[in-house]
Amino acid sequence: MNFLRDHLVILPILLPMATGALLLLLNDRARRLKMLINTLSMLALLSLAVLLVQRAAGDGGGAAVPTATYALGNWPVPFGIVLVADRLAAVMVLLTSILGSCALIYSFARWHAAGPGFHSLFQFLLMGLNGAFLTGDLFNLFVFFEVLLAASYGLALHGSGGTRVKAGLHYIAVNLAASSLFLIGAALIYGVTGTLNMADLAARVPLVAAADRGMLEAGAGLLGVAFLVKAAMWPLGFWLPSTYAAVSAPVGALFAIMTKVGIYALLRFSMLAFGADAGASAGFGASFLLYAGMASIAFGTVGVLASKSPARLAGYCLLVSSGTLLAAVGFGSQGVTTGALFYLVSSTLAIGAFFLLVELFERVRIEGADVQTVTIEAFGEDDDEEEIEVEEISEAIPAALAVLSICFGICVLVVAGLPPLSGFIAKFALLSALLNPTGMGGAEPIAATTWALVALVIFSGFASLIALTRTGINTFWMTMSDHPAPVRVLEIAPVVLLLGLCVIMTIMAGPIMTYMEAASAQLHAPSGYHADVFAGPGGAPVERSAP
Amino acid sequence: MELILAIGIGVLTTCGVWLLLRPRTFQVIVGLSLLSYAVNLFIFGMGRLRINAAPVLAGGPVETALYTDPVPQALVLTAIVIGFAMTALFLVVLLAARGLTGTDHVDGTGD
């Protein structure tokens, strides 16, 4: 087990990479074999993620354990690339693997066979996501962003068709332009501070000369714009609803975490480089993030109310969730971050489930829709041979409408943040931290922007409730079809699993909140991060001259 | 030297952004390529410029401040490879869009 302990941090990146490469070698016709390999790898990834979270949380003794770090090639820390698995990174990896597992199970019902290379692209996307969460190096973060984006371009087009290619074209163009900004930002920061290591950066930002500070902040601003494009902040997020509405359901569910990569990168970077210890640059961009987040919530809310199709509605729900998180990052107090992290996990699970549900809605909604027509749409009409291969892989469930409507109900409760489920707990934690900046009973006045944010968060929940209820009524009470198409066990199981996790999050809210509190405390203490990275493997003290 | 490089990057960026905002997919891809050239030059420039100097260190103790920083040059290599791969990928999508929609307008509904 020593091997596992030593290399645990890099395994969530290596495993999907190896699996993806292996799957590339297999013929696309060997579908059963591919499904088997992919499932086994997914299970392994899930257990690795659980181990990682356990390791980050310490062994239950409550004592502070040093953050697990991994020096690639054992190069000394500020020079080589380092991976860091602190509490936040570990929980994001776990969230990715949970969402990935559910999307994978769902895709087995039929989507995985709708085009070539699905399994490999799926694994490469997981590799990019895990890498982006674990890396502690700015340029390495760019590389993992590109890995996950390249895989996501392929997956966005999965299933082909005019709408997907059109939406995919915009998506790719926007993200390529954002990548250029990322590079300019990273290069400027390197030019000023002479380091790409994020822990080292945190230590060097306060030392930057006043004359160079403008360059540093310009670089950070450009980097921030690149992250904000990923996080779909208003007005940089117009690509999101149409792209996410066009992609196939399992891909949409997995994409639900991709906006969170942008949020994660912003949170990590702003806390490290512009935290309380950052000298003259402390809090750079925080108020901008707060207002931008509020604008995103407002735009998302309008979109939620205005969207007619459930898929677009899901996209706008994602915008609202992004906006809420951005505003919370901008607010920058430890308690708010705790609530935001809980909200991040809960809303990602619920919106992932919603993306999966949306496709099932379409099926019960359209009169006479059955698997045949959907298959034709997925494969293209000229591909008769492929159609037959979609065997009855899983049984159709009885009372599909009842099960769907119950799942939808739970989904609404979590997304809109109504009691008693995890969405409510998340919003409650967020709002109570906003209104009690110094803990319960503090008597200092609350700023007008805080009131505005509170009002926006509550109103966005209310608007989501209205829009989702309307969708529910249109789907379940006005269904014209007498014989809705069958819904398969494989399709409903992942939805139930995701929503079940939201219920578990509600029941286990205490321990999870404790974990998030510790994660937030870790985030707000960049000096601890710095010390852990430099004390870890490869972190031997190295003599360096000042930049 | 700095001025020439700065003007070069500026011209490339200007052309890149202008082409990126054009309605035809081919113009967009050329714009993105120009933009990535500009970015690569910019990263290169971040290693500082030095002319009429030896590119590699000779033996013995050297004054490192007299040489350019090699790290951005390594970064540029990575950025070039990634940018090239992404352009190729985008080209494929562009051709697919052309085939599916019958037009090379970025919105698929030209003219």
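Only the coordinates and a few stated rules stand behind these numbers; no lab work does. Model, not experiment: these values are computed from the prediction. Ideal geometry is used to build each Cβ from the backbone, glycine not excepted, and the neighbour counts take in all protein chains shown.
The trypsin sites (Lys or Arg not before Pro) of the range A:298-369 that meet both conditions, a loop assignment by DSSP and at most 15 other Cβ atoms within 10 Å of the site Cβ, are A:K308.
Inter-chain Cβ neighbour count for A:169-177, averaged per residue, equals 6 (cutoff 10 Å, partner chain atoms only). Our summary gives chain B a relative contact order of 26 percent, counting only alpha carbon pairs under 8 angstrom and 6 or more residues apart. The helix-based estimate of mean residue ellipticity at 222 nm for chain A, built from -39,500 (n - 2.57) per DSSP H run of four or more residues and divided by its residue count, is -23500 deg cm²/dmol to the nearest 500. Taking a sphere under 13 Å around the Cβ of A:L305 and counting the other residues whose Cβ falls inside, with K and R at +1 and D and E at -1, yields a net charge of +3.
A cut-off of 5 Å between modelled amide H atoms, ignoring neighbours fewer than 5 places along the same chain, links A:W234 with A:S296. Taking amide H as placed 1.01 Å from N in the peptide plane, A:V487 has its amide H under 5 Å from the amide H of A:I397, each at least 5 places away in sequence or on another chain. Each Lys and Arg contributes +1 and each Asp and Glu -1, all at the Cβ; summed about the Cα centre of the protein assembly as shown, the dipole is approximately 940 debye.
Averaging Cα coordinates gives a centre for the range A:259-281 and one for the range A:452-528; these two points are 26 Å apart.
Whole-Hz Karplus values for the range A:512-523 come out as 5, 5, 4, 4, 5, 4, 5, 4, 5, 4, 4, 5 Hz, taken residue by residue from phi with 6.51 cos²θ - 1.76 cosθ + 1.60 and θ = phi - 60°; glycine and proline positions read x.
Considering Cα pairs under 8 angstrom that are at least six residues apart, work out the relative contact order of chain A and quote it in whole percent.
Value for chain A: 18 percent.
Comparing A:G275, A:F108, A:N197 along the charge dipole axis of chain A, the residue lying farthest to the positive side is A:G275, per the Cβ-charge model.
List the relative contact order of the range A:1-119 as a percent without decimals, with contacts defined as Cα pairs under 8 Å and 6+ residues apart.
Details: 98 pairs, mean separation 36.8, N = 119.
Contact order relative to length: 31 percent.
The angle separating the long axis of helix B:70-101 from the principal Cα axis of greatest extent in chain B is about 10 degrees. With K and R counted +1 and D and E -1, the other residues having a Cβ less than 15 Å from that of A:V93 yield a net charge of +3.
Per-residue 3J(HN,Hα) values for the range A:100-114, derived from phi via the Karplus relation 6.51 cos²θ - 1.76 cosθ + 1.60 with θ = phi - 60°, read x, 4, 5, 4, 5, 4, 4, 5, 5, 4, 6, 4, 5, 9, 7 Hz in sequence order (x marks Gly and Pro).
Given +1 at the Cβ of Lys and Arg, -1 at the Cβ of Asp and Glu and no other charges, the dipole of the range A:128-253 around its Cα centre is 340 debye to the nearest 20. Counts of other chain beta carbons within 10 angstrom of each beta carbon in peptide B:89-97 average 5. With θ taken as phi - 60° and the Karplus curve 6.51 cos²θ - 1.76 cosθ + 1.60 applied, the whole-hertz 3J(HN,Hα) list for the range B:25-34 is 5, 5, 4, 4, 5, 5, x, 5, 5, 4 Hz, x standing for glycine and proline. Electrostatic bookkeeping for A:V84 treats Lys and Arg as +1 and Asp and Glu as -1; over the other residues with beta carbon under 10 Å from its beta carbon, the sum is -2. Annotation: amide H-H contacts under 5 Å for A:D137 (H modelled 1.01 Å from N, sequence separation of 5 or more, or interchain): A:V82, A:M198.
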